[in-house]
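Taking it in order: structure first as structure tokens, then the write-up.
The values are calculated or read from the model by the stated rules, or taken from the named source; none is laboratory data. Given the structure is predicted, the values throughout are model-derived calculations rather than measurements. Quick reminder, even Gly has a Cβ in these numbers, built from the backbone with ideal geometry, and neighbours come from all protein chains shown.
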Amino acid sequence: MRRLGMALMLAVLGLARTGLAQEVTLDLLVGKDPDRFLSRMTDLIAGFGGPQGLTAAGIEEHIVLERAAARASEVRRFLAMDLDADGTVDRAELAVSQRAASASARGRLERLFIAADADGDGQVSPAEIAAKGRDAGLRALGEDEAEALRGLTALDRDGNRALTPDEVAAALVLADPAT
Ligand SMILES: [Ca+2]
Ligand SMILES: [Ca+2]
């Protein structure tokens, strides 16, 4: 009898924890615009979901692809200035790019260069370019957002570990009965 009571209590605690996880997840991702969230989820499920819906693996793919895209466009800005293709951008190379750029772009290039030159030796090394790329990836999709996206699997209602648009919509209604 005592054992049964314990098991029931754990089950209730488990439910309470799931509820909390859903709340946190939805708050961060939905923000003030549930429609936008639903569109994003529809895209996400269509783009990365399998036949059953969106799984944890699909969410992970989305996260790394978003970050890689942002990383690639940031790194590209430096590669475009690396005129001798040695992997490093030096001041002379920066100057050539600045001469070819518009007046306002010259200032932006200067700031880009200074921000990337972490050790201040007057050149942007491959490691410094890579670090800027990583930063850009995390800016595009931060750890908080990644965790919230991973938490979406908690919205799975039929227990097949895959999320469908219906399950997301149902979770939104539960989270805010007014909508
Ligand atoms: Ca170079
Ligand atoms: Ca440097």
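Yes/no matrix, rows are residues, columns are (1) closer than 28 Å to Ala57 by Cα; (2) out of contact with any strand residue (DSSP E or B) (no Cβ under 9 Å at 6 or more places or on another chain); (3) polar (S, T, N, Q):
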site: Ala95; (1), (2), (3): no, yes, no
site: Arg108; (1), (2), (3): no, yes, no
site: Gly122; (1), (2), (3): no, no, no
site: Lys132; (1), (2), (3): yes, no, no
site: Glu143; (1), (2), (3): yes, yes, no
site: Thr164; (1), (2), (3): yes, no, yes
site: Ala170; (1), (2), (3): yes, yes, no
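Could you please find all residues in the range 96-118 being within 16 Å of ligand 1 (Cβ to nearest atom), surrounded by 13 or more Cβ atoms within 10 Å (Cβ to Cβ) and in a helix (DSSP H, G or I)? Scanning the range 96-118 gives Ser97, Gln98, Leu109, Leu112, Phe113, Ala116. For Ala127, the conditions (1) more than 21 Å from Val64 (Cα to Cα); (2) within 16 Å of ligand 1 (Cβ to nearest atom); (3) part of a helix (DSSP H, G or I) are fulfilled apart from (1). Would you confirm, using the coordinates I've provided, whether Leu174 is away from ligand 2 (no atom under 16 Å from the Cβ), aliphatic (A, V, I, L, M), part of a helix (DSSP H, G or I) and modelled with pLDDT under 95? Considered against the rule, which asks whether it is away from ligand 2 (no atom under 16 Å from the Cβ), aliphatic (A, V, I, L, M), part of a helix (DSSP H, G or I) and modelled with pLDDT under 95, Leu174 comes out as yes. Among the candidates Arg134, Arg91, the residue that is within 16 Å of ligand 1 (Cβ to nearest atom), surrounded by fewer than 16 Cβ atoms within 10 Å (Cβ to Cβ), basic (Lys, Arg) and touching a residue at least 24 places away in the same chain (Cβ under 8 Å) is uniquely Arg91. May I ask you to verify whether Gly53 is away from ligand 2 (no atom under 16 Å from the Cβ), at positive phi and in contact (Cβ under 8 Å) with a residue 60 or more places away in the chain? Spelling it out, Gly53 is indeed away from ligand 2 (no atom under 16 Å from the Cβ), at positive phi and in contact (Cβ under 8 Å) with a residue 60 or more places away in the chain.
Has the range 78-86 got any residue that is farther than 30 Å from Asp166 by Cβ, part of a helix (DSSP H, G or I) and at pLDDT 95 or above?
Step one: of the range 78-86, the residues farther than 30 Å from Asp166 by Cβ are 78-86.
Imposing the further condition that a residue be part of a helix (DSSP H, G or I) reduces the set to 78-79.
Within this subset, residues satisfying the condition of being at pLDDT 95 or above are 78-79.
Yes, some residue in the range 78-86 is farther than 30 Å from Asp166 by Cβ, part of a helix (DSSP H, G or I) and at pLDDT 95 or above.
Residue by residue through the range 96-113, note down the ones that are farther than 15 Å from Ala130 by Cα and either within 16 Å of ligand 2 (Cβ to nearest atom) or among the acidic types (Asp, Glu) (or both). Explain how you work it out, then say what you get.
Of the residues in the range 96-113, the ones farther than 15 Å from Ala130 by Cα are 96-111.
Of everything in the range 96-113, those that are farther than 15 Å from Ala130 by Cα and either within 16 Å of ligand 2 (Cβ to nearest atom) or among the acidic types (Asp, Glu) (or both) turn out to be Leu109, Glu110, Arg111.
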